[in-house]
Ligand code: S3P
């Protein structure tokens with residue numbers, strides 16, 4: 001586990017219990033789709049426009065990386081205009097590419113940069129430099145890429161000038177980041193790139209590639225493939241609201257919205273919405289209204305109301321479909337009657353923090369009994385007393401405990417919350433405008449050394 005000197009976070013917040021939350025809100029654009037918009041728009045043959053781009057630290061890291069490889073990208077509010085340079089137009093960055101906290105940026109760029117004529121180095125913050133990269137470097141090297149790591153960890157030193165060939169690769173675990181890295185590398189590779197998965201994972205790359213004229217040979221839960229080299233046509237799309245950001249408000253509504261809370265324009269791609277299946281099984285009142293499409297992605301307005309929740313055994317098949325939502329699912333479980341268990345969720349240990357461990361100790365701090373198992377967590381619903389928890393610099397942990405504070409007996413203090421800006425920069429304002437009582441504080445910076 002990281003120690004205090006390892007994260008940049010110095011701020012925190014208090015989340016106080018409230019009587020109710022409600023009204024309407026719009027969450028910012030989808031993080032996964034915003035990364036792909038920059039990456040794929042940059043290598044298309046022309047000008048692409050995206051509305052609803054997520055202006056957060058993670059997506060800005062991807063944008064800065066592509067700018068430093070010669071791509072003109074103009075961002076005004078949430079409108080982004082990208083002057084694509086085609087498959088052969090990227091230029092060598094002058095410096096290492098610092099991707100901050102973003103695993104998605106690093107893994108997807110590893111695929112893109114493996115196919116370039118120039119060498120490059122990808123690095124990031126302490127949290128990102130502790131995240132496993134072999135899952136992406138091993139299959140990329142089978143395609144002909146040469147990448148050096150520090151024992152499987154970043155920085156990634158990617159050699160230029162290698163001609164890639166397509167491979168037929170089976171992922172050991174379902175991962176959209178690895179699948180996407182291989183598909184992106186496959187755009188330059190000779191012959192078919194075929195990626196097989198043991199289960200579903202988010203398919204935003206496949207959808208966006210199709211919308212840009214790339215023929216996907218296969219696009220199912222089990223196998224995706226394309227034939228390289230391929231060219232990309234520019235596109236004009238609106239990015240839906242991020243389901244993973246909406247998740248905090250969905251659980252907030254279930255815990256504390258007497259009149260109901262409406263979250264508009266949320267992406268409901270079925271590879272992302274495992275949370276809905278899980279919460280409905282727990283007894284949550286959730287309605288999807290006004291279903292429609294933004295480009296190639298399905299969208300709806302989500303209406304949630306305070307509900308009596310019961311603990312459940314979470315179906316392991318739902319884990320990849322709710323992979324980023326487990327911190328807030330565990331909060332719902334803390335307020336549910338009885339036990340909630342999840343297994344088959346080892347991957348949660350390799351996210352921005354070890355989310356099984358950090359949630360387990362955080363919930364204990366606020367009065368909830370938990371038991372960590374190798375690949376999961378058991379939570380006994382009970383009375384949330386309040387207390388002080390550490391997010392370990394993990395944005396989703398910080399926001400989950402903000403939600404936990406809504407219905408707690410007393411205030412919850414959350415430490416190290418600066419990283420909320422990696423995915424949801426206006427979380428505090430939006431949460432408070434719907435009735436949360438979150439108050440930020442600045443802590444003294446820990447002394448190093
Ligand atoms: C992402 C994929 C997921 C998710 C991450 C974003 C993506 O990881 O956890 O936050 O944009 O492709 P996996 O690679 O485990 O699917």
Among the DSSP beta bridges whose two residues both lie in the chain, what percent are antiparallel, rounded to the nearest 5? 75 percent
May I ask for the angle, rounded to the nearest 10°, between helix 31-42 and the longest principal axis of the chain, with both axes built from Cα atoms and the value confined to 0 to 90°? 20 degrees
Restricting to region 31-238, compute how many DSSP beta bridges are antiparallel as a %, nearest 5. 75 percent
Which FRET efficiency value, to the nearest 0.05, do you get for residue 350 and residue 385 by plugging their Cβ-Cβ distance into 1/(1 + (r/R0)^6) with R0 = 45 Å? 0.90
Under the definition of Cα pairs under 8 Å and six or more residues apart, what whole-number percent is the relative contact order of the chain? 20 percent
Nearest 10, in degrees from 0 to 90: the angle of helix 103-114 to the longest Cα principal axis of the chain is 10 degrees
For Cα pairs less than 8 Å apart in space and 6+ apart in sequence, what is the mean separation divided by the residue count of region 31-238, i.e. the relative contact order in percent? 21 percent
A correct fewest-to-most ranking of 126, 76 by other Cβ atoms within 10 Å would be 76, 126
Cα-only radius of gyration and Dmax that characterise region 291-449, units Å: 16.2, 54
With the cut-off at 1.5 for a/c, could you classify region 31-238 from its C-alpha gyration tensor as rounded, prolate or oblate? rounded
Helical contribution to [θ] at 222 nm, DSSP H n ≥ 4, -39,500 (n - 2.57), averaged over the chain, rounded to 500: -8000 deg cm²/dmol
Evaluate the distance, in nm, between pseudo-label points positioned 7 Å from the Cα of residue 51 and of residue 119 along their respective Cα→Cβ axes. 4.6 nm
For helix 243-256, what angle does its Cα long axis make with the longest principal axis of the chain, in degrees from 0 to 90 and rounded to 10? 10 degrees
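Read-outs: derived from the displayed coordinates by stated rules, not from any lab. Bear in mind that the values here come from a model prediction, so they are computed numbers and not experimental data. A quick note on method: Cβ atoms are made from the backbone with ideal geometry, for glycine too, and the neighbour counts reach across all protein chains shown.
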